[in-house]
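Here the structure is laid out as structure tokens; the discussion comes afterwards.
The values are calculated or read from the model by the stated rules, or taken from the named source; none is laboratory data. Here the structure is a predicted model, which means the values were calculated and not measured. Note: accessible area is taken over every heavy atom of the protein model, side chains too, but ligands, DNA and RNA are not part of it. Shrake-Rupley method; radii C 1.70, N 1.55, O 1.52, S 1.80 Å.
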Amino acid sequence: MKTTVTLTKALKVKGKDTTSISLDFDKITGNDLLKAEKEARAMGDQSPSVFLSMTFQAVIAAKLIGVPPDDILALPAQDFRNIVFPVANFLLT
């Protein structure tokens, strides 16, 4: 499953500013999910179900895009929402 998200603010990915982000969920593994959970918990996330956590979803998105989670968290709210929504959909369906 692959989703493309258009951003209102450019995000620097691999040294280049981009406003089009591709989320390829076929590239993520169970190990990636476990590492992302540990990272989200280390960031202070205490959600009972990590799949419902926007922090966890942002960490997953960051791994898929190839940027630090803080870059995702720093995006404008509309862009942040547009990135974490497909991640939440992937995790919860």
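Couple of notes before you dig in:
- C-alpha long axis of helix 77-92 to longest principal axis of the chain, angle in °: 50
- Length added when fully stretched, residue 47-residue 33, from 0.36 nm per residue minus Cα-Cα: 3.5 nm
- Over all pairs of different C-alpha atoms, the chain has a mean inverse distance whose reciprocal, the Kirkwood radius, equals 13.2 Å.
- Per-residue accessible area (protein heavy atoms, 1.4 Å probe) orders 19, 8, 55 as 8, 19, 55, starting from the largest.
- Heavy-atom accessible surface of the chain, averaged per residue, reaches 59 Å², computed with a 1.4 Å probe.
- Accessible carbon and sulfur surface of the chain relative to its total accessible area, %, 1.4 Å: 54
- For segment 1-18 versus segment 22-39, the inter-centroid distance based on Cα atoms is 18 Å.
- In the chain, helical runs assigned H by DSSP with n ≥ 4 each contribute -39500 (n - 2.57); averaged across all residues and rounded to the nearest 500, the mean residue ellipticity at 222 nm is -15000 deg cm²/dmol.
- Rounded tilt (10° steps) of 54-65 against the dominant C-alpha axis of the chain: 50
- Long-range amide H partners of residue 18 with built H, under 5 Å: 11, 12, 13
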